[in-house]
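**Student:** The structure under discussion is supplied below as structure tokens; questions concerning it will follow.
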Amino acid sequence: MTTSSVELHGECDERFSAIRDAFVENFQKFGEVGAAVAVTIDGTPVVDLWGGVVNKDTHRPWERDTLVTVYSTTKGMTAICAHRLVDQGLLDLEVPVAQYWPEFAQAGKAEIPVHMLLSHRVGLPTVSQKLPDGAVYEWETMTDALARQKPFWEPGTRHGYHGLTYGWLVGEVVRRISGKSLGRFFRDEVAEPLGLDFHIGVDPKHDGRIATMYAVEASPEMAAQQEQRRKEMRERMDPALLEAQGNISIEGAHNSEGWKRSEIPAANGHSDARSLARVYGALACGGALEGVGVLSPEAIARATQEQATGADAVLMNPTRFALGFWLSLEGGLGPNPNNFGHPGAGGSVGFTDPDRRIGFGYVMNQMKLGLLVDTTGRRLIDALYASL
């Protein structure tokens, strides 16, 4: 269907026409280039929409099977992998990380329990040494650096967003236990059984389906906001941590060959909205969908217990973490404080509303300012709740 020059595709239950309207308006008024949104209730799809283009230059349309980088929305999938190992009796979140990954015991980290990796409380949001360009694509380079690194704060005393390091930290524990890389474990254990089109490390055969990602188009007002944030960060952040910011860099990586091929389980998942809604829809239904188990109800209850909330040692925004998942704060994942999931840089997001048995997914290729769900995604979430 065409709506005021926006070529809209897919299906939308009329009960949720407000989502369709907000989705169209995101293109007309809020700078959307290409995007998709999906919602399930009780595991049944009620919204599955896509539109726009995958590339501004070629104007090639966004298709039903288009994939796009979802940045930190990937972290939710990494968390699922860890909790599956708990379900299988292979991972104990209370024991030291070093029991599974002996090298991690360096620099006074011998007694740090696994759960601190999942809740951003371990104090390893970066490394002290500037790493060479391309290091993020080399798994052992990153895990070796983190194993050697002394925490930037006493583990457990603070929380601070581990934007990139979360994936190598949790992923290495998964690898040591399972013998599989995080991306392969996720594919074998979750994505293929559940029918998800979500990839952590993309096979070249999928390249033709990947949308070009566009960085934030900063207005003068946005530039001023960013400079103010940097000023506040300089004033508030621990000097050692401030100095180390930027030692792990992915600047300019998001459309590169290395970005697609490597496994960066905190940041480089490629997905569609449908897959996010489906996996979070499974968690909304007690952890299983159509006979495929993702997590047990006990694992979900454990994984979504609040571990930290309030001032974040890394981000300027307050954050609220469970074990690998974000918990809704100030309505960022919807108004229900029990909602859990994960947003990604620029706006993508997937989450579960366990009380209303909702799974939600939103992806796009024009980034907006900030990590927290902002503008276009937030408007879709608000439209969802206005429709219930």
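Nothing in this text is a laboratory measurement; each read-out follows from the coordinates by a stated rule. Please read these numbers as outputs of a predicted model, since none were measured by experiment. FYI the Cβ positions are ideal-geometry reconstructions off the backbone, even for glycines, and counts take in every protein chain you see.
**Student:** Using the number of other C-beta atoms within 10 angstrom as an exposure proxy, rank THR309, THR143, THR73 with the fewest first.
**Tutor:** So the ranking, lowest neighbour count to highest, is THR309, THR143, THR73.
**Student:** Quick one: of LYS109/LYS368; LYS29/LYS130; LYS56/LYS130; LYS75/LYS231; LYS150/LYS368; LYS231/LYS368, which pairs are farther than 30 Å apart, Cα to Cα?
**Tutor:** Beyond 30 Å between Cα atoms: LYS109/LYS368; LYS29/LYS130; LYS56/LYS130; LYS150/LYS368.
**Student:** Neighbour counts of other C-beta atoms within 10 Å: give me MET364, MET237, MET213 arranged from fewest to most.
**Tutor:** MET237, MET213, MET364
**Student:** Identify, among ALA107, MET77, VAL136, the residue whose Cα sits farthest towards the positive end of the charge dipole of the chain, taking +1 on the Cβ of Lys and Arg and -1 on the Cβ of Asp and Glu, with the dipole about the Cα centre.
**Tutor:** Most positive-ward Cα: ALA107.
**Student:** Then there's this: Starting from the Cα of ASN255, step 7 Å along the direction of its Cβ; do the same at GLU290; then give the gap between the two resulting points in nm.
**Tutor:** The two pseudo-label positions are separated by 3.4 nm.
**Student:** Still on this model: Pairing the Cα long axis of helix 220-236 with the longest principal axis of the chain, what angle in degrees results, from 0 to 90 and rounded to the nearest 10?
**Tutor:** Compared with the principal axis, the helix lies near 20 degrees.
**Student:** What FRET efficiency, computed as 1/(1 + (r/R0)^6) with R0 = 51 Å and r the Cβ-Cβ distance, is obtained for THR375 and GLU192, rounded to the nearest 0.05?
**Tutor:** E(calc), rounded to 0.05, equals 0.90.
**Student:** Moving on to the next point. Got a sec? How would ARG15, ARG356 order by Cβ neighbour count within 10 Å, fewest to most?
**Tutor:** ARG15, ARG356
**Student:** Next question, about the same structure. How far apart, in nm, are the 7 Å Cα→Cβ label points at GLN28 and ASN247?
**Tutor:** Rounded to a tenth, the inter-label distance reads 5.0 nm.
**Student:** What is the magnitude of the charge dipole of the chain about its Cα centre, with +1 placed on the Cβ of each Lys and Arg, -1 on the Cβ of each Asp and Glu, and no other charges, expressed in debye to the nearest 20?
**Tutor:** 400 debye
**Student:** Applying 1/(1 + (r/R0)^6) with R0 = 45 Å to the Cβ-Cβ distance of LEU388 and GLU7, what FRET efficiency is obtained, to the nearest 0.05?
**Tutor:** E between LEU388 and GLU7, to the nearest 0.05, is 0.95.
**Student:** Please list, by residue number, everything in the range 297-313 whose backbone N is under 19 Å from a paramagnetic label point 7 Å out along Cα→Cβ of GLU154.
**Tutor:** 308-309, 311-313
**Student:** Two-decimal Rg/Rh of the range 38-147 from alpha-carbon positions, Kirkwood Rh?
**Tutor:** With Rh from the inverse mean 1/r over Cα pairs, Rg/Rh is 1.10.
**Student:** Taking a ≥ b ≥ c as the square roots of the Cα gyration tensor eigenvalues, with a/c under 1.5 meaning rounded and otherwise prolate when a/b beats b/c, else oblate, which class fits the range 112-242?
**Tutor:** Note, shape of the range 112-242 comes out oblate.
**Student:** Just one of [x] 60, 41, 41; [y] 68, 51, 41; [z] 60, 51, 40 is Cα extents along the principal axes in Å calculated from these coordinates, so which is it?
**Tutor:** The value computed from this structure is option [z].
**Student:** Roughly speaking, what is the centre-to-centre gap between the range 303-336 and the range 10-39 when only Cα atoms are used, to the nearest Å?
**Tutor:** 26 Å
**Student:** In the chain, with Lys and Arg counted as +1 and Asp and Glu as -1 at Cβ, which of these residues, GLY331, SER181, VAL95, has the Cα nearest the positive end of the dipole, that is, farthest along it?
**Tutor:** Most positive-ward Cα: VAL95.
**Student:** Expressed in nm to one decimal, what extension gain is obtained for the pair GLU217 and ARG184 from 0.36 nm per residue of sequence separation less their Cα-Cα distance?
**Tutor:** Once the chain is fully extended between GLU217 and ARG184, it gains 8.4 nm.
**Student:** Still on this structure: Assuming R0 = 22 Å, can you tell me the calculated FRET efficiency for the pair THR309 and GLN228, based on Cβ-Cβ distance, to the nearest 0.05?
**Tutor:** 0.35
**Student:** Which angle from 0 to 90°, rounded to the nearest 10, does the C-alpha axis of helix 17-29 make with the longest principal axis of the chain?
**Tutor:** 80 degrees
**Student:** Note the angle between two axes, namely the Cα long axis of helix 375-387 and the longest principal axis of the Cα atoms of the chain, as a number of degrees from 0 to 90, rounded to the nearest 10.
**Tutor:** Helix 375-387 and the main axis of the chain meet at about 70 degrees.
**Student:** Antiparallel versus total DSSP beta bridges in the chain: what percent is that, nearest 5?
**Tutor:** Counting DSSP beta bridges with both partners in the chain, the antiparallel share is about 90 percent.
**Student:** Right, another one. Just tell me which lysines come within less than 16 Å, Cα to Cα, of LYS205; anything on the same chain fewer than 8 places away is out.
**Tutor:** In chain and number order, the partners are LYS260.
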